[in-house]
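Engineer: Below you will find the structure I want to go over with you.
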Amino acid sequence: MSSAEPPITEWDPTPILDERLLRGKPYRFSLVILNQPIHNVPLFLDLWRRATVRIAADGGANRVYAIRDHLPPPPPGVAQGFPRLDFIVGDLDSLQDETKAWFLSQWSDSNKTTESGADADANADADACPGQIIYIDDQDSADFAKAVKHARELARRRRRSRHASRREQRLEAEKEEGEEENGDDIICYSGLGGRVDQAMSQLHHLYLFQQRRQRRQSSASSPEGGGGGGGENEGEEKDDDNNNGYASGRMYLTNGESLTFVLLAGQHHIRIRSISRQHNPNPNNSKPLAFGKHVGIIPLAGPSELTTRGLQWDVSRWRTAFGERLSTSNHTTAGADVVEVETSRDVLFTIDVPVSD
């Protein structure tokens with residue numbers, strides 16, 4: 001049995017707040033809009049502009065329509081300006097008629113807008129068709145799950161297309177095992193608001209889409225980690241891609257006031273501030289770009305033992321469980337750029353987001 005240390009999963013969600021922290025590196029993600037009011041509109045518009053694809057989960061389109069006056073119009077005489085919504089996906093029971101009519105009007109310039117069923121549009125791509133309404137009559141699956149599955153299918157097709165292009169350019173190169181590119185991330189906006197049962201459903205699906213483990217990974221040098229098993233559940237895809245753990249992309253849930261994601265069992269290093277002042281887009285501002293100070297670590301798969309570093313109230317081998325103790329309302333420390341978390345089982349990590357005026 002190997003005595004190597006388990007791999008550490010590295011997280012740097014700071015570019016979600018400001019793309020300049022990427023320093024020119026590409027960051028591909030899909031934006032899924034849920035059916036809750038959109039708060040922190042400046043952050044939402046920034047993510048909207050940067051996303052590879054924008055998908056509204058049924059009534060999420062109503063929420064975009066509600067802030068339509070904040071969406072910049074394309075410049076005069078320019079067909080493609082500020083990106084538009086690419087897909088509305090779901091059973092469409094929440095999509096309002098005026099919302100539908102407005103988006104159909106927005107898409108009409110391309111003359112490619114379609115409305116059809118899931119089977120006909122299984123291979124639809126935002127690059128090929130700038131506006132689609134996709135009806136999926138599956139009452140056993142939430143609209144959140146339908147939208148995420150569609151986002152992942154589009155990401156897989158883009159990834160395969162990139163790989164095909166590379167093969168054409170370098171026919172002599174062979175892809176080595178372990179080099180497979182991870183999937184695009186998904187940022188789900190407007191979660192955790194409104195009814196408590198809806199919020200719990202969103203957390204449930206966030207976990208379903210992230211819980212499968214990275215079974216192919218054997219190298220301790222990999223940044224991806226995890227442990228334990230996960231079965232087939234509602235919302236999980238069945239395909240031939242490497243869809244274990246974080247390999248099919250990382251998922252984030254935000255309501256514009258906090259960012260929430262799943263830490264699979266293992267060790268995690270989570271960057272919460274830009275690395276140093278020299279990476280701050282504003283060199284005259286000595287305060288590094290950062291998330292807020294409030295942190296929660298919530299058990300998902302039963303009781304867990306936590307060890308943390310970088311929090312005001314750090315713990316070591318601390319048992320957490322519903323009905324016992326929960327790590328909520330903890331604070332990051334002033335000097336910490338990274339929060340370290342080691343967990344024996346899967347947990348939810350949440351941290352607050354600075355709200356723009």
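Engineer: Residues to consider are 164, 124; find the one that is modelled with pLDDT under 90 and loosely packed, with under 12 Cβ neighbours inside 10 Å. Outline the logic, then answer.
Structural biologist: Details: 124 fails: loosely packed, with under 12 Cβ neighbours inside 10 Å.
Checking each option against the conditions leaves just 164.
Engineer: OK, next. Look at residue 306 and say whether it is modelled with pLDDT under 95, within 20 Å of residue 340 (Cβ to Cβ), surrounded by 17 or more Cβ atoms within 10 Å (Cβ to Cβ) and not hydroxyl-bearing (Ser, Thr, Tyr). I'd like the intermediate steps shown before the answer.
Structural biologist: On the way: modelled with pLDDT under 95: no; within 20 Å of residue 340 (Cβ to Cβ): yes; surrounded by 17 or more Cβ atoms within 10 Å (Cβ to Cβ): yes; not hydroxyl-bearing (Ser, Thr, Tyr): yes.
Spelling it out, it is not the case that residue 306 is modelled with pLDDT under 95, within 20 Å of residue 340 (Cβ to Cβ), surrounded by 17 or more Cβ atoms within 10 Å (Cβ to Cβ) and not hydroxyl-bearing (Ser, Thr, Tyr).
Engineer: Taking the stretch 1-18 as the region of interest, how many residues are modelled with pLDDT under 70 and aliphatic (A, V, I, L, M)?
Structural biologist: 2
Engineer: Output the qualifying pairs, or none if there are none: Cβ atoms under 8 angstrom, residues six or more apart or on different chains, first residue in the stretch 16-30 and without any contact (Cβ under 8 Å) to a residue 24 or more places away in the chain, second residue surrounded by 14 or more Cβ atoms within 10 Å (Cβ to Cβ).
Structural biologist: Hits for this filter: 22/15.
Engineer: A further question on this structure: Hey, any hits in the stretch 296-313 for a residue that's without any contact (Cβ under 8 Å) to a residue 24 or more places away in the chain and part of a loop (DSSP other than H, G, I, E, B)?
Structural biologist: Yes - at least one qualifying residue is present in the stretch 296-313.
Engineer: Just to be sure before I move on: is residue 46 closer than 24 Å to residue 157 by Cβ, touching a helix residue (DSSP H, G or I) at 6+ places or on another chain (Cβ under 8 Å) and among the acidic types (Asp, Glu) in the structure I sent? Talk me through it step by step, then tell me what you get.
Structural biologist: Values: closer than 24 Å to residue 157 by Cβ: no; touching a helix residue (DSSP H, G or I) at 6+ places or on another chain (Cβ under 8 Å): yes; among the acidic types (Asp, Glu): yes.
Taking the combined requirement at face value, the residue does not satisfy it.
Engineer: Moving to a separate point now. Restricting the search to the stretch 184-206, which residues are without any contact (Cβ under 8 Å) to a residue 40 or more places away in the chain and over 22 Å from residue 65 (Cβ atoms)?
Structural biologist: 196, 197, 199, 200, 204
Engineer: Same structure again: Working carefully through the options 183, 178, find the one that is modelled with pLDDT under 60 and either in a helix (DSSP H, G or I) or of a type in the set (Gly, Ala, Ser) (or both).
Structural biologist: Numbers: 183 fails: modelled with pLDDT under 60.
Only one candidate passes the filter, namely 178.
Engineer: Please find, among 339, 353, 315, the residue that is modelled with pLDDT of 95 or more and either in contact with a Cys (Cβ under 6 Å, 6 or more places away or on another chain) or surrounded by 19 or more Cβ atoms within 10 Å (Cβ to Cβ) (or both). Walk me through it before giving the result.
Structural biologist: Working: 353 fails: modelled with pLDDT of 95 or more; 315 fails: either in contact with a Cys (Cβ under 6 Å, 6 or more places away or on another chain) or surrounded by 19 or more Cβ atoms within 10 Å (Cβ to Cβ) (or both).
Sole residue among the options that is modelled with pLDDT of 95 or more and either in contact with a Cys (Cβ under 6 Å, 6 or more places away or on another chain) or surrounded by 19 or more Cβ atoms within 10 Å (Cβ to Cβ) (or both): 339.
The values are calculated or read from the model by the stated rules, or taken from the named source; none is laboratory data. Being a predicted model, the structure only gives us computed values, none of them experimental. Note: ideal-geometry Cβ built from the backbone for every residue, glycine included; neighbour counts use all protein chains shown.
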